[in-house]
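Working notes, structure below.
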Amino acid sequence: MAAHLKKRVYEEFTKVVQQQHEDLSTKKLRLTKPSKSAALHVDLCKATSPADALQYLLQFARKPVEVESVEGVVRILLEHYYKENDASVRLKIASLLGLLSKTAGFSPDCIMDDAINTLQNEKSHQVLAQLLDTLLVIGTKLPENPSVRMRLVEVACKHLTDSSHGVRNKCLQLIGCLGPVEKGVAKEAESQAAKDVQKIIGDHFNDQDPRVRTAAIKAMLQLHERGLKLQQAIYSQACKLLADDYEQVRSAAVQLIWVLSQLYPESIVPIPSSNEEIRLVDDAFGKICHMVSDGSWVVRVQAAKLLGSMQQVSSHFLEQTLDKKLMSDLRRKRTAHERAKELYSSGEFSSGRKWGDDAPKEEIDTGAVNLIESGACGAFVHGLEDEMYEVRIAAVEALCMLAQSSPAFAEKCLDFLVDMFNDEIEEVRLQSIHTMRKISHNITLREDQLDTVLAVLEDSSRDIREALHELLCCTNVSTKEGIHLALVELLKNLTKYPTDRESIWKCLKFLGSRHPTLVLPLVPELLSTHPFFDTPEPDMDDPAYIAVLVLIFNAAKSCPTMPALFSDHTFRHYAYLRDSLSHLVPPLRLPGRKLVSSPVSPSITPHEDPSQQFLHQSLERVYNLQHLDPQGIQELLEFTIRDLQRLGELQSELAGMADFTATYLQCQLLLIKALQEKLWNVAAPLYLKQNALASAAAKQILEETYKMEFMYSGVESRQVVIIHHMRLQAKALQLIVTARTTRGVEPLFGMCEKFLQEVDSFQRCFISELPHMQGSFVDKLLDLMPRLVTSKPSEVVKILQTTLRQSTFLHLPLPEQLHRATANIIEPTGESDNPLRFTSGLVVALDVDATLEHVQDPQGTVKVQVLYPDGQAQLIHPKPADFRNPGPGRHRLITQVYLSHTAWTEPCQIEVRLLLAYNSNTSKASARTPKSAWNESLEALPPSENGIEGTIPFSKPVKVYIMPKPARR
Amino acid sequence: MPEIKVTPLGAGQDVGRSCILVSIAGKNVMLDCGMHMGYNDDRRFPDFSYITQNGRLTDFLDCVIISHFHLDHCGALPYFSEMVGYDGPIYMTHPTKAICPILLEDYRKITVDKKGETNFFTSQMIKDCMKKVVAVHLHQTVQVDEELEIKAYYAGHVLGAAMFQIKVGCESVVYTGDYNMTPDRHLGAAWIDKCRPDLLISESTYATTIRDSKRCRERDFLKKVHETVERGGKVLIPVFALGRAQELCILLETFWERMNLKAPIYFSTGLTEKANHYYKLFITWTNQKIRKTFVQRNMFEFKHIKAFDRAFADNPGPMVVFATPGMLHAGQSLQIFRKWAGNEKNMVIMPGYCVQGTVGHKILSGQRKLEMEGRQILEVKMQVEYMSFSAHADAKGIMQLIRQAEPRNVLLVHGEAKKMEFLKQKIEQEFHVSCYMPANGETTTIFTNPSIPVDISLGLLKREAAIGPVPDAKKPKLMHGTLLMKDNSFRLVSPEQALKELGLAEHQLRFTCRVHIQDPRKEHETVLRVYNHLKGVLKDYSVQHLPDGSITVESILIQATAHSEDQGTKVLLVSWTYQDEELGSYLTSLLKKGLPQSTA
């Protein structure tokens, strides 16, 4: 053995590996480092004391091991293992064995026997546990080998009687992960271990060590996850575990009960101490509800979370969770919720003035009061009142899930959710508002509830207010007073927080369109019209007035009688708003008013949007006319670009599409213009000016292509090809221009090679798209590729120039949805005349609040730039936690930017703007190429020299007045 | 039979004057030492003469534990320690120790300076008394002496309120003091682990009440205040200086913060400011929210709440004022009330219970015209609201605590007898544990069944565990050993070691037995036959034929002699030690059956 090993070691010492990279034509010679196993062997032999050996092993563990040498290393380790007397070293070896078996590409079945053998003579419990862990790793690496698994399970079963909890723990874990899942397999392999795995694990539910109990339950859950159907008999065992002394056990038991309740919802279980029987899912629900008032908050969170997913539970059990019988001095008392409801239904407003308004009424039979319910009573009442906000959030989430599936429950839990709006922790408030929104289709708010909801509108947190606006967008209100109340509160909100304007208008838009009949009787009052007198015309720029109008116009859309109530100026305002806030004001059919009839005549169906048609028509025109004379093309392009830009301004939903195409056409136009320069053929030095124009064009095209690629969401690979193609053209142009202006061939040589490499990578990335690009620049270029590779730079340039001219203009297909990333800085507003004063050298924090739309992965890409008047620019990366996601495609950035500067004599303005960072390496193109393996990718791809990192400004800069004062001495 | 004796000197079927004597395993502990609000004579303090007629209390009590700083739990402490005389340790938590003297001093001032009582404890006595106090941390196990240990658990209720576990050996008692199972704006909920005490002494103020969720109350309160302030009215909230006042302050403070309100909130000064200071300090005793946010801002550093000045009451515009005392019977709150009562825009909110005869009680019961001193008639036009903010556990909460602690017995104090009766019945029914509710001076005796720990040497344990089947957690296991009771400790040791330790010589106990066998042959032949027979039967044992003509089976000796009278009868002498009893008796019974004839 030793001789064999030695031989092996020497072999590995001198191995030379030649590796070929299939994609790169160059061949690399790689010399492998001296083999790991050899070095290790030498080290371990040198080691004089266990401490030494441990040190070597620790060092060894820090470096990865190649797949080929794993087995050798394992053999050496095992050899040393048998010789070693010190338990800690053996432990490390055992853990190393596990680590090594994890190595990708290594099949550990060859070392399994040895690993099992080591178990036999091991005395130390710790080492045993570690060895079992190693076996677990080996077992998981060999998923399709049932006999190996059987053997391992058998080994584990043998060690289940060990006196150390750690060993038992690992055994159970191993059985859970590797135990046979299908019944059939268990029968075939007629070994002892194959007898019911569930029973073996179940026996350890009563182990004396809580850690082992937990492990047993976890193993059971693991079996379930792997697809084994657990037996129902476990249920009663699991129920007993709910009363365990240790929280981990209880927590795991709750999970197990939940699993069983999902497996056997309909089977019947007896209620102890009575003859009745109930469905298992109901029983489990009751038990989990009980755990919501457990002593440990971990268990409470767990229980509250799981409640949400028990949708099969019977409705009366479900409703009990919100029930808490109140009593005072043994007399039944109504809850505040019941009282509120009663007041509401009796049509009387809360007096609340009498003491004893809540005085208890009827006597309760003392025998009938059940203080600790076995059932679900009041679980959510407790959960929502819990001390820990984690539990409260979990309870709110569970309420949400249950209410979504049961409208009756939704109606009942409303009061409780509304109460949560007053929680002391903002997160909980926000969560409950979101929950309410999610279940809003099931509920109608009573007036008193609406009152409470609306009270939250005054919250100083913008998140809360916006969430509430969203909620109001989709709430049903039952009375016209309710609508009025909502409007009044929203207007109050508007005066208090003017920045909420957009959100409030949007909210009123939906409120109006949902409740046209309720708005109708309010119209005269809202517009303050009078039957006899003319009232003064309200100020058109007043946001509050606009808010009222938005509500009314949206209601009027489905209520044709409403316009009759409008006064003259209302119609005029309608026309104005329809134009200026077209997304908020719907088209109305206003009889007898030609003047205001909307530009979109109602006869046209909304699907055949004329603006969409227009967009497509103009694009068609451009693409069809590619054989016109250059002058004509240029003009047509210019007109089309102008049209598209205007269209984008008018039609917000088409803005992305229009801008995108306009940018593309702009690039094309620039390219054509650059190529139109008639002076290409004349000797270079004379035409520096023209070259300047051409190189500027190339530069601009490059910029625009980055914008096109990274600023729009919804760009598909078809577009990416075109964009990259355009970029390639720009690069070619750049090359030509440089070739013309620089003397000497040396720099050109490198550039040419780089360009060819780029063409090559383009071909690799978009190989599938090439057939669609007939007659394009790249198509032609690839045809000429063999010639290009061999020819001199000057020739290359010449070829490029001609191809560039001859190439046709590619049709840019449009995706379904295309949105341009936009950002809007809300704060700072840039209107302040008061400079922000601070002592120079110290920092001042500037609050930045911005909304981002259609930005993918804002955490990684959005940066804040601060430009100082001296030209100094500062780039700030906001923390990931600063981004909130209020809705799909929308993000909010709330962050603080630290400013600092040396002293100024006068206050001056700095500019703050948002940038979108991109990296062409992480572009959509490379993401599509199959991910290469880890170590391959490191060597195959050259370090990202062609990955261009850059930023695109995508928000309007905001000016902030600051004044760093000199420090006082 | 070991027993735990409990005698309430106060708070037995009563609220107020909490004072409970517990004697457990020879140790006497006094739980709380409170005064009664309702009396002004001797009855206000517990009757300490019950403990001893003459002589120092120190000799009879091992320690005193104070659960929290409310006067009905600590009001009699200076009287007890300084005037009656007690020098032993007094245990309380840190916040209680800090706030308790303030309240005692205030109480002293009112009784002595205002009511002019004499023979009352002095400021110096309060100070002396506080010197005897030992402060404890939550979950810290304090060894009072070698056997008695106490441990504090969080109880909610007020800042620093704690439940105490008193433990001697494996007998234990848990005393809850006042506690609250639902968290509020500034404190968390009471919590105890599964300590399974022999006795749980629980308060039962709300034994027959199940309360509504606190959220409704809070919302109601905030809504009312908010509406009044928006109308431009003034809100008066009469409070007692500590406890609820802080909760309401936090509530209003956060609400003001959230809603961006500008109306001023005032807090009448004095006592409170000092107390607020302690609230700021003892952040670890507050609830999750305050604990988590205090790094940014300590919630008790109020931004919107300012100190009140007498002159502010006449300021125009809305404001909210917290003023003491809570029942509107005197002081600042009454003064402000008189100023504001005439305006229907204003509002007074009573956050707690009012005793009969106070202005608070009158207005709550709907009286609109009040007669003030000097025959003045005050017409109350302002709105009057009642709101119950109370920090005791309700019936459900009490049950929940019992479920958490799993006691073997429950004893109810600090509540009304009738209400206790109901809860007692419920507890017995639901948990199947016995429940007691002694009146003041009545002694309850609870028998315990303590398990006695015995040390066993590892060698013996391993040896014994190796015998017989594999250890099974579910089955008890029988072990052999010698129980050694020495130096007040129990040890299970092997017999050899016991002998060695006790210096005793080992006595050999031998059984001998004669068995008659009819065998006409010679003695040595008989022996040989016996030897062969035994060898055939006892295959697992070592059977030896010794040269002197005797046989040994393990350590059992068999000798054969001829009967003196009848040569045909051989007498087999079988001799074995006590340890080999089993084998020995088996052997005799085997020999008695006779030898098989086939060997002949």
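The values are calculated or read from the model by the stated rules, or taken from the named source; none is laboratory data. The structure presented is a predicted model; accordingly, all values stated were derived computationally and were not measured. Note that we place each Cβ from the backbone using ideal geometry, even for glycine, and neighbour counts take in every protein chain shown. What goes into the accessible areas is simple: the full protein's heavy atoms, side chains included, and nothing from ligands, DNA or RNA. Shrake-Rupley method; radii C 1.70, N 1.55, O 1.52, S 1.80 Å.
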query = Can you work out ³J(HN,Hα) from phi for every residue in region B:199-205, in order, using Karplus 6.51 cos²θ - 1.76 cosθ + 1.60 and θ = phi - 60°, giving whole Hz and x for Gly and Pro?
reply = 9, 10, 9, 10, 6, 8, 3
ask   = What does the accessible area per residue of region B:214-386 come to in Å², with a 1.4 Å probe and no ligands, DNA or RNA counted?
value = 43 Å²
key: Interface burial for A against B (accessible surface, 1.4 Å probe, total of both chains, Å², rounded to 100)   = 5100 Å²
request  = Would you be so kind as to list the residues of region B:183-201 that have their accessible area lowered by at least 40 Å² in the full protein complex compared with their chain by itself (1.4 Å probe)?
outcome  = B:Pro183, B:Arg185, B:Lys194
message = Residue by residue through region A:773-779, what is 3J(HN,Hα) from phi via Karplus (6.51 cos²θ - 1.76 cosθ + 1.60, θ = phi - 60°)? Round to whole Hz and write x for glycine and proline.
response = 10, 4, x, 7, 4, 5, 4
message = Taking every DSSP beta bridge with both residues inside the protein assembly as shown, roughly what % is antiparallel (nearest 5)?
response = 70 percent
request  = Assuming a ≥ b ≥ c are the square roots of the Cα gyration tensor eigenvalues, decide whether the protein assembly as shown counts as rounded (a/c under 1.5), prolate (otherwise, with a/b larger than b/c) or oblate.
outcome  = oblate
remark   = Interchain or sequence-distant (5+) residues whose placed amide H lies within less than 5 Å of the amide H of B:Leu378 are B:Leu370, B:Glu371, B:Met372
remark   = Expected field for B:Glu421, accessible surface area in Å² at 1.4 Å probe radius, rounded to 10, holds 100 Å²
query = Which residue, chosen from A:Leu430, A:Leu384, A:Leu445, occupies the Cα position most advanced towards the positive end of the dipole of region A:376-470, where the dipole is computed from +1 (Lys, Arg) and -1 (Asp, Glu) charges on Cβ about the Cα centre?
reply = A:Leu445
query = Is region A:229-277 rounded, prolate or oblate when judged by the Cα gyration tensor, a ≥ b ≥ c being the square roots of its eigenvalues, rounded requiring a/c under 1.5 and prolate requiring a/b larger than b/c?
reply = oblate
remark   = Projected onto the charge dipole of the protein assembly as shown (unit charges on the beta-carbon of Lys, Arg, Asp and Glu, signs +1, +1, -1, -1), the Cα from B:Pro450, A:Ala655, B:Met485 with the largest positive-side position is that of A:Ala655
inquiry  = With just the Cα atoms defining each centre, how far is region B:236-313 from region B:154-197? Give it in Å.
reply    = 25 Å
ask   = Of A:Lys102, B:Lys477, which has the most accessible area with a 1.4 Å probe, and how do the rest follow in descending order?
value = A:Lys102, B:Lys477
ask   = Quick one: Cα centre-to-centre distance for region A:824-844 and region A:885-914, in angstrom?
value = 8 Å
message = For B:Thr93, what residues show an amide H to amide H distance below 5 Å, using hydrogens built from the backbone and excluding near sequence neighbours?
response = B:Val136
request  = Return the sequence-ordered ³J(HN,Hα) values of region B:20-37 in whole Hz as given by the Karplus equation 6.51 cos²θ - 1.76 cosθ + 1.60 applied to θ = phi - 60°, using x for Gly and Pro.
outcome  = 10, 9, 10, 10, 9, 6, x, 9, 10, 10, 10, 9, 6, 8, x, 10, 9, 5
request  = Please compute P(r) over all alpha-carbon pairs of region B:1-124, binned at 5 Å starting from zero, and give each bin as a whole-number percent.
outcome  = 2, 11, 21, 25, 20, 13, 5, 2, 1, 0, 0
query = Considering only protein heavy atoms, what per residue accessible area in square angstrom results for region A:447-590 with a 1.4 angstrom probe?
reply = 41 Å²
query = Which semi-axes, in whole Å and largest first, does the equivalent ellipsoid of region A:671-806 have when worked out from the alpha carbon gyration tensor as the square roots of 5 times its eigenvalues?
reply = 25, 18, 13
query = At a probe radius of 1.4 Å, what is the per-residue accessible area of B:Arg244, in Å² to the nearest 10?
reply = 40 Å²
ask   = When the Kirkwood radius is taken over all Cα pairs of chain B, what Stokes-Einstein diffusion coefficient follows at 10 °C and 1.306 mPa s, in µm²/s?
value = 53 µm²/s
task = Note every residue of region B:400-432 with a reduction of at least 40 square angstrom in accessible area, all protein chains present versus the isolated chain, computed with a 1.4 Å probe, or write none.
result = B:Gln400, B:Arg403, B:Phe422, B:Lys426, B:Glu430
request  = State which entries of A:Lys229/B:Lys194; A:Lys754/A:Lys863; A:Lys492/B:Lys303; A:Lys673/A:Lys707; B:Lys167/B:Lys419; B:Lys151/B:Lys280 exceed 27 angstrom in Cα-Cα distance in the structure shown.
outcome  = A:Lys229/B:Lys194; A:Lys754/A:Lys863; B:Lys167/B:Lys419
ask   = With labels modelled as points extended 7 Å from the Cα through the Cβ direction, what inter-label distance (nm, one decimal) is found for B:Ile467 paired with B:Glu344?
value = 9.4 nm
ask   = Once amide H atoms are placed 1.01 Å from N in the peptide plane, what residues at a sequence separation of 5 or more from B:Gln383, or on another chain, have their amide H within under 5 Å of its amide H?
value = B:Asn346, B:Met347, B:Val348
task = Mind pulling up the Rg/Rh value for region A:40-259? Radius of gyration and Kirkwood radius, both on Cα.
result = 1.02
key: Accessible-area ranking of A:Met291, A:Met401, largest first, probe 1.4 Å   = A:Met401, A:Met291
query = Given labels modelled 7 Å from the Cα in the Cβ direction, how far is it in nm from B:Arg196 to B:Lys127?
reply = 5.0 nm
task = Round to the nearest 10 and report in Å² the accessible area of A:Thr495, as given by a 1.4 Å probe over the protein chains' heavy atoms.
result = 110 Å²
inquiry  = With a 1.4 Å probe and all protein chains left in place, how much of the accessible area of region A:671-806 comes from carbon and sulfur atoms, in whole percent?
reply    = 56 percent
ask   = With a ≥ b ≥ c the root eigenvalues of the C-alpha gyration tensor of region A:378-525, is it rounded (a/c under 1.5), prolate (a/b larger than b/c) or oblate?
value = oblate
Where region A:671-806 is the region considered: accessible area per residue in Å², 1.4 Å probe = 49 Å²
message = Give the separation of the Cα centroids, region A:381-453 to region A:756-784, in Å.
response = 58 Å
ask   = Quick one: which bits of region A:425-470 get at least 50 Å² less accessible when the partner protein chains are in, versus the chain alone, with a 1.4 Å probe?
value = A:Glu458
